[in-house]
Amino acid sequence: MTTRRGILKLVGGGVVLAALGGAAFYLANGPSDEARTAWREAGAPAEYRRRFLSYALLAPNPHNRQPWLVRLDGEDGLTLFCDLDRRLPETDPFDRQIVLGCGAFLELLSIAAAHEGYAAEITPFPEGDPAPRLDARAVAQVKFVARAAQADPAFAAIGIRRTNRNTYSERDVAADLLAQLDAAGSVHGVMAQTTADAGRVAKLRDITWRGHETESLTYRTMKESIDLMRIGKAEVEQWRDGLVLEGPMMELARMTGMVSHEALLDTKSDAFKMGLDTYRPKAASARAYAWLINDHAGRTSELNAGRAYARLALKAAELGLAIHPWSQALQEFPEMRPLYDEVHALIGDGKRVQMLVRAGYADAVIPAPRRGLAAHILGEGQS
Ligand SMILES: Cc1cc2nc3c(=O)[nH]c(=O)nc-3n(C[C@H](O)[C@H](O)[C@H](O)COP(=O)(O)O)c2cc1C
């Protein structure tokens, strides 16, 4: 629901649109194709490790920061590092979620390798466990062994997997599909669980929504997300990461000043209120939830949780299910502590909840931008 002032600004924007030549403006301001080139180029590189990496970089990852840096070692190995400048210190103060994103990257890497018969032998944190935050030490070492793995059916879903933030339709998710998510995500010592039980879903909708509100109303955590919003096509193409606000109407809202980084951060602005108003029904529309728990014994269990999430997300894509991580209540900044405790008491089973995801059916979404392979290879796009 929009406000009167907001409508007036958009009506004003409509006048601007007419003045600019409506159809041409509309066509020119659709989502950026260029920012999504990596999805079309996956599998194209001639060198085999680069080919596997071109799939890995399509992995889900927090705020689409794509923090992966890779050193190619010899002829058959690589080392994965985290780009420490791409962490999320306010919402992810111990870098736990960033490590999950590294785990998802490694899982896609190994599925892509297996597709060509290579086993990816992964050694997590070969130089020890960085704590309480990540440091310059490697996240993982990988050695590829030819003719040592069988193709994995999950490979087919890499290019169609998405995070779907639309409002979900009023269609129940069948129990056998949820059971398939449970099975897919219960790997690497992680347990995936799901529920479509109305009472539990209602409690989880409420907790995830309150988590969203807490993050939005805490200035420094909200600022972290707003700083990573790419508003309009030019910003999306420039950064090819972060959280994108695109399309002709968004371009208009940007041009009229209705949506800007400053406005999105101002709790009194129309843009801020509209942000909450668009997300509230999304939370309310969750039909089912999935979550991942494990013992959280060090960094490797975070990496394993990310690997398990990649599996669950690929299975959801294969089954035609929409999923959307709604992670705020799992975040470890002090203001979130009460909700963190509440969600652990509800679904934690004495373990650590590593991911919490709504699931259901929704209109399809287009792929999120990617920075492309060169941006991840040390000595090429990176130094
Ligand atoms: C550990 C982790 C936490 C995430 N938390 C959220 C979240 O709280 N809200 C959200 O909208 N997306 C969340 N995501 C999804 C990412 O924002 C998404 O993967 C990224 O923007 C890239 O988009 P894609 O998954 O469609 O490729 C999370 C992803 C991961 C791996």
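The residues of segment 331-340 that are touching a residue at least 40 places away in the same chain (Cβ under 8 Å) and either more than 9 Å from the ligand (Cβ to nearest atom) or not in a loop (DSSP other than H, G, I, E, B) (or both), listed by number, are Glu332, Phe333, Glu335, Met336, Leu339. The set of residues in segment 141-154 that are out of contact with any Asp or Glu (no Cβ under 9 Å at 6 or more places or on another chain) and either free of Cβ contacts under 8 Å to residues at least 12 places away in the same chain or loosely packed, with under 14 Cβ neighbours inside 10 Å (or both) comprises Arg147, Gln150.
The one condition from (1) within 16 Å of the ligand (Cβ to nearest atom); (2) out of contact with any Gly (no Cβ under 8 Å at 6 or more places or on another chain); (3) closer than 30 Å to Ile122 by Cα that Arg280 does not meet is (3). For segment 71-85, the set of residues classified as within 16 Å of the ligand (Cβ to nearest atom) and either buried (at least 18 other Cβ atoms within 10 Å of the Cβ) or under 14 Å from Val142 (Cβ atoms) (or both) consists of Leu80, Cys82, listed by residue number. Is segment 92-103 home to any residue that is within 13 Å of Gln141 (Cβ to Cβ), within 12 Å of the ligand (Cβ to nearest atom) and either under 19 Å from the mean Cα position of the chain (by Cα) or assigned to a loop (DSSP other than H, G, I, E, B) (or both)? Scanning segment 92-103, I find at least one residue that is within 13 Å of Gln141 (Cβ to Cβ), within 12 Å of the ligand (Cβ to nearest atom) and either under 19 Å from the mean Cα position of the chain (by Cα) or assigned to a loop (DSSP other than H, G, I, E, B) (or both), so the answer is yes.
In segment 91-106, the residues that are hydroxyl-bearing (Ser, Thr, Tyr) form Cβ pairs under 6 Å with partners that are outside any helix (DSSP H, G or I), at six or more places apart or across chains, as follows: Thr91/Gln331. Here Lys233 meets each of (1) surrounded by 21 or more Cβ atoms within 10 Å (Cβ to Cβ); (2) closer than 23 Å to Ile366 by Cα; (3) modelled with pLDDT under 95 with one exception, condition (3).
Note on segment 87-140: residues that are more than 25 Å from Thr218 (Cβ to Cβ), aliphatic (A, V, I, L, M) and out of contact with any Asp or Glu (no Cβ under 7 Å at 6 or more places or on another chain) total 12.
If you go through segment 361-382 one residue at a time, do you hit one that is among the polar types (S, T, N, Q), farther than 21 Å from His188 by Cβ and out of contact with any Phe, Trp or Tyr (no Cβ under 9 Å at 6 or more places or on another chain)? Scanning segment 361-382 turns up at least one residue that is among the polar types (S, T, N, Q), farther than 21 Å from His188 by Cβ and out of contact with any Phe, Trp or Tyr (no Cβ under 9 Å at 6 or more places or on another chain). Checking Val357, Val353, Val365, Val343 one by one, the residue that is modelled with pLDDT of 95 or more and assigned to a loop (DSSP other than H, G, I, E, B) is Val365 and no other.
The values are calculated or read from the model by the stated rules, or taken from the named source; none is laboratory data. Fair warning: this is a prediction, and the values are worked out from it, not measured in the lab. Here Cβ is always computed from backbone atoms with ideal geometry, including for glycine, and neighbour counts include all displayed protein chains.
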